[in-house]
Each structure stands twice: as C-alpha cells, then as structure tokens.
Amino acid sequence: MKQPTDESAYEGAALRGRNALITGASRGIGLAIARRFAAEGAAVVLCASRLGAHGKLKGTLQEAVDEINAAGGSAAAEVCDLSDHEARAQLVERAGRHFGPLDIVVNNAAASTMQLPSQVTREQRNFMYEVNLNAPIDLAQQVLPAMRKRGSGWILNISSASARQPVVPYRDSQIAAHVITAYGATKAALDRYTQGLAHEVAGDGVCINTLAPESIVLTEGASYVRDIARRSPDMAEPVETMAEAALALCSGRHIGQVCFSRQLLHALGRPVFSLDGQERLGDAFLPADVEATA
C-alpha cells in the first residue's frame, strides 16, 4: 500500500490523515475538489472511466494524478465505468487498497443527455439515473458499514441547480431550460435520497450532504459556458468556490444539507482559497474570471 507523502509542499491540515475517493475527477469540479483536498493533507483516489494516454490527451485521469503527486500530494487512480453496476460493485474496496480505508467519498461523476422532456428516450433516462443516482447509492452502501463501525465518515453528493425548475423568464434560453429537465430529475432524486440517508446514519457519526453550484462553474474547455458567462457574469462562479464548499462539508459536522456553494460559504463566513491552499482569493462573492479559463 502506498503511504501518504510525509514531506509535502502543501501546508494545509484540515484533512490530514484522511483518505478520500472522488469520482469524475479527471477534470472540472472533481479534479478541483481532489486538488483542494490534497492541499489539506488528504490522500486522494481519483476515479474516472478512462485512464487516458498520458501526454496525449489533456485532462486525463493519469495527468490529474500526476499533477497532484508532483505538487507534493498523495494521489492514485481508479478506472471505473460507473454506468455499469458490476464494474462499480467493488470500487470502494479497490480504492481503499491505495492508502487505506476511506474516510470521505465524493460522488461527483455525472452523465447528462440534453434532450427535450417530451423526447428523452428510455435508454437516455436509464443511463443518467444509473450514473447520477444508482452509482452514488451503491458507493454509499459500500462504504457505510466501515464508516459506521468507526463512528466517523463523510459522503458528499454533487447535485445541480437544475434539480429545481428555473423561474420564468428563463435566464439563458427557453430550450436550455427544457433540455436539462431529465438530468435535473436525476439530481432531484439524489437530493431526496441524500437527506433521508443522512438522517438515518447521523447518530453513527457519518455526515452526508449534497452540494450544488450556485450557478454554472467555469472550467477549462467549456467554451459554451464561457459564452453564457460573458453575457451574464452573475450566472458563473469560479471552480474554487465549489472546491472550498466541498472541503467545508467534508471536514465539518453537517448533516443532511442540500445546499449551494456560495450560500454555504456565505453562511459559514468562510473565505475561498486557491486549489493549492496557498492564496486567499476572496469570499463567497468571488467573481468568475471568464477569460482565465479559456
């Protein structure tokens, strides 16, 4: 078993000695959370559906792991197709082989098919529900026995503002509000499941919560998201806000929260730091830098 790095370039310690599994972590929000957790001392297992060809495709799982390790953190990779219930059946056990039993699981991986609610097919619906709802449930059920036995643990499910019907008039476009409906329904189901499970195990010392972006999150490569952000800057947030909010929920004693990133940080009076934990960037009102993510 690989041991966490003792001499680290990171100075944070909020998660020192803890082991975390983060799904959908090769890029975007998942990678940001992994980097932020590593900056606070966690040994992180990053999961994605493909390892990727190192040096040939930007944003691969292998590159994400290499980036964290090169910065002084402790990271390992697990390849898993979360849409396949057999493939994910032993994921928690496999992840625990790298650094030890898991203290934290972040269910970030998600599948989305943009289709009008009157036209979304059964295959599309099943695929989204398998990744967005069934996979988080399976991973929670895999990790909970050990967490409950230890009397400690954190499970964080990443949701979406699309779980709620957007208000009229729509901020972006009418069709954009419609095609996200089926995806939003999977996230609404995840929110409800999270709350019920959280209250079931609260007495066992396990903290389970749901976190969603307040608005669209700017990540590398999302050109259509940057276009929206340029037209409506208040609809975008930097990825650091999600990472900081995730850290708050996976280091504190929060139970059954279905919350949004900016609202949580504002309520806690918590500053936002860079993903390496070295620089204080601002607070919950930190604006997204649209061009920096181009």
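The values are calculated or read from the model by the stated rules, or taken from the named source; none is laboratory data. If you're wondering where the values come from, they're calculated on a predicted model, not measured in any experiment. Quick reminder, even Gly has a Cβ in these numbers, built from the backbone with ideal geometry, and neighbours come from all protein chains shown.
Structure summary
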read-out	value
Residues satisfying the stated conditions in the range 1-59, i.e. within 11 Å of the chain's Cα centre (by Cα), at pLDDT 95 or above and on the phi > 0 side of the Ramachandran plot	GLY24
Of all residues making up the range 185-214, the number that are touching a Lys or Arg at 6+ places or on another chain (Cβ under 8 Å) and either in contact (Cβ under 8 Å) with a residue 40 or more places away in the chain or part of a strand (DSSP E or B) (or both)	7
Residue match in the range 153-169 (condition: at pLDDT 95 or above and either in contact with a Pro (Cβ under 7 Å, 6 or more places away or on another chain) or surrounded by fewer than 20 Cβ atoms within 10 Å (Cβ to Cβ) (or both))	yes
Number of the exception - THR181 against (1) more than 16 Å from PRO287 (Cα to Cα); (2) touching a Leu at 6+ places or on another chain (Cβ under 7 Å); (3) at pLDDT below 95	(2)
Considering residues of the range 239-272 that are touching an Asp or Glu at 6+ places or on another chain (Cβ under 6 Å) and not in a helix (DSSP H, G or I) only, the residue farthest from ALA71 (Cα to Cα)	VAL258
